[in-house]
Amino acid sequence: MKPLVSIVIPVFNRWALTRACIASIRKTSARGQVQVILVDNGSKDQTPAEAPALVDEYVPLETNQGFAWGCNFGLLAAAAPVVLFLNNDT
């Protein structure tokens, strides 16, 4: 089943915020209707080790390319007709 919404979350470190953001999305959305795409801008904390297991698509970047570039890389992985760009502190 194709997801209805792809949520692109560009991040750089701050794993606790990212984990809480993903948990909130999972808690409030129907299974299979949301694709969570995490673009990791070269995080040096727990993000690279723990995030891939919690999201549908994990896009690692070697260095911090910033929010806008992170959105662009995430858009390339989006499978839904609607894309939502989200900060991890939302």
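The values are calculated or read from the model by the stated rules, or taken from the named source; none is laboratory data. Not measured: the values here are computed from a predicted model. FYI the Cβ positions are ideal-geometry reconstructions off the backbone, even for glycines, and counts take in every protein chain you see. The protein model used for the area step is the full one, side chains on, heavy atoms only, and it has no ligands, DNA or RNA in it. Shrake-Rupley method; radii C 1.70, N 1.55, O 1.52, S 1.80 Å.
If you check GLN46, GLN35, which single one turns out to be within 17 Å of ALA78 (Cα to Cα), modelled with pLDDT of 95 or more and not aliphatic (A, V, I, L, M)? So that I can check it myself, show each step before the final result.
Details: GLN46 fails: within 17 Å of ALA78 (Cα to Cα).
One residue alone meets the criteria, GLN35.
Any chance the range 43-50 includes a residue that's polar (S, T, N, Q) and in contact with a helix residue (DSSP H, G or I) (Cβ under 7 Å, 6 or more places away or on another chain)? Before you say what the answer is, go through the steps one by one.
Initial filter on the range 43-50 (polar (S, T, N, Q)): 43, 46-47.
From what's left, in contact with a helix residue (DSSP H, G or I) (Cβ under 7 Å, 6 or more places away or on another chain): 46-47.
Yes, the range 43-50 has at least one match.
Given the conditions (1) without any contact (Cβ under 8 Å) to a residue 40 or more places away in the chain; (2) under 20 Å from THR63 (Cβ atoms), which single one is not true for ALA30?
With (1) without any contact (Cβ under 8 Å) to a residue 40 or more places away in the chain; (2) under 20 Å from THR63 (Cβ atoms) applied to ALA30, the lone miss is (2).
Cβ contacts < 7 Å: first residue more than 11 Å from VAL39 (Cα to Cα), restricted to the range 61-90; second residue open to solvent by 70 Å² or more (accessible area, probe 1.4 Å), any location; separation 6+ or different chain. Result?
ALA79/LYS2; ALA80/LYS2; ALA80/LEU4; VAL82/LEU4; VAL83/LEU75
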